[in-house]
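Here the structure is laid out as C-alpha cells; the discussion comes afterwards.
Derivation of every value follows stated rules applied to the coordinates shown; laboratory data play no part. In this text, all values refer to a predicted model and were calculated from it rather than measured experimentally. All Cβ positions, even for glycine, are placed from backbone atoms using ideal geometry, and neighbour counts span all protein chains on display.
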Amino acid sequence: MKELLELYFAFLKIGAVNFGGGYAMLPLLEKDLVNKRGWTTMDDLADYFAIGQCTPGIIALNVSTFIGHKRKGVAGAVFSALGFLTVPIILILIIAAFLTNFADIPLVQHAFAGIRVCVCVLILQAILKLWKKSVVDNITLILFLIIFLLTVGGTYFLPFKIPAAVLVIAAGVFGVLFGGMTKSKSGKGASE
C-alpha cells in the first residue's frame, strides 16, 4: 500500500502543476520520475507519449497510467491516474463555478494570456527534449520531415486532415521496416 500511495502523491504533485497538457508535463516527469525517483527512463517516456497520443483520452493521464502500471500493475495505474486527476478536477469545478463571473475582467484575461505564453515555452521545451531522443540519424530526420509536412503542410494542401493516430501507426511501421537497416549498420560499424 505504501508504494501505491507513493504513486498517488507523486502524480498528485505533477497533476497540481500540469498546465498546458501532456507535452508541457514532460519536463516535470523527467525531473521527478526519471532523475529523482528512477521509476522510468526518457526513452520509455517518449514511448508512453507516442502511445498516449494514439489512444483515447488525455495524453498526460495516459502517461501517468502507463507509468503506474509499469510500477505496480493495475492498482498502480489506478492510483497514478487518481493522483493525477485529483487537483485538476477540483480546480475545474472551482473555475467552472466562477469563470462566467470573472472571464471578462481584464486582470483575468491578462493572467490567461501570461499562462498561455508559459505553456508554449513548456511545450517547446518538451519538443526539444523529444527531438534529441527521437531524431537521431538521417532516416529519423526524413521521417520527421514527412510527418511534419503531412501535418502542418497537409492542413493547407490536402483536402482532408490525417488523424494523429494514423500518423503514429504509420511511423511505427516505418520504424519496424527501416529499424533493421540502422541496427545492422551500427552493429557492423561496432564490430569493425
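Summarising the label geometry, the points placed 7 Å from Cα in the beta-carbon direction at residue 157 and residue 99 lie 3.7 nm from one another. Restricting the chymotrypsin sites (Phe, Trp or Tyr not before Pro) of segment 101-167 to loop positions (DSSP other than H, G, I, E, B) with no more than 11 neighbouring Cβ atoms within 10 Å leaves 160.
With the dipole of the chain worked out from charges on the C-beta (+1 for Lys and Arg, -1 for Asp and Glu) around the Cα centre, which of 165, 101, 153 lies farthest toward the positive end? My answer, from the dipole projection, is 165. Charge dipole (Cα centre; +1 on Lys/Arg Cβ, -1 on Asp/Glu Cβ; no other charges) of the chain amounts to roughly 280 debye.
In the chain, the calculated helix contribution to ellipticity at 222 nm averages -27000 deg cm²/dmol per residue, counting -39,500 (n - 2.57) for every DSSP H run with n ≥ 4.
For the chain, hydrophobic long helices are taken as DSSP H runs at least 20 Å long by C-alpha position along their axis with mean Kyte-Doolittle hydropathy of -1.0 or more; these are 2-16, 59-102, 106-134, 164-191. With R₀ set to 25 Å, the beta-carbon distance separating residue 170 from residue 42 gives a calculated FRET efficiency near 0.60.
Debye calculation, C-alpha points only, no solvent: report log10 I(q)/I(0) for the chain at q = 0.09 Å⁻¹, in the same order as the q values. Ignoring solvent entirely, the Cα scatterers give -0.44. With 0.36 nm allotted per residue and the present C-alpha distance subtracted, the residue 69-residue 177 stretch has 36.0 nm of extension available.
Would segment 73-184 count as rounded, prolate or oblate if I go by the C-alpha gyration tensor, calling it rounded below 1.5 in a/c and otherwise prolate when a/b exceeds b/c, oblate otherwise? In terms of gyration-tensor shape, prolate. Listed from fewest to most Cβ neighbours within 10 Å, the set 40, 55, 86 follows the order 55, 86, 40.
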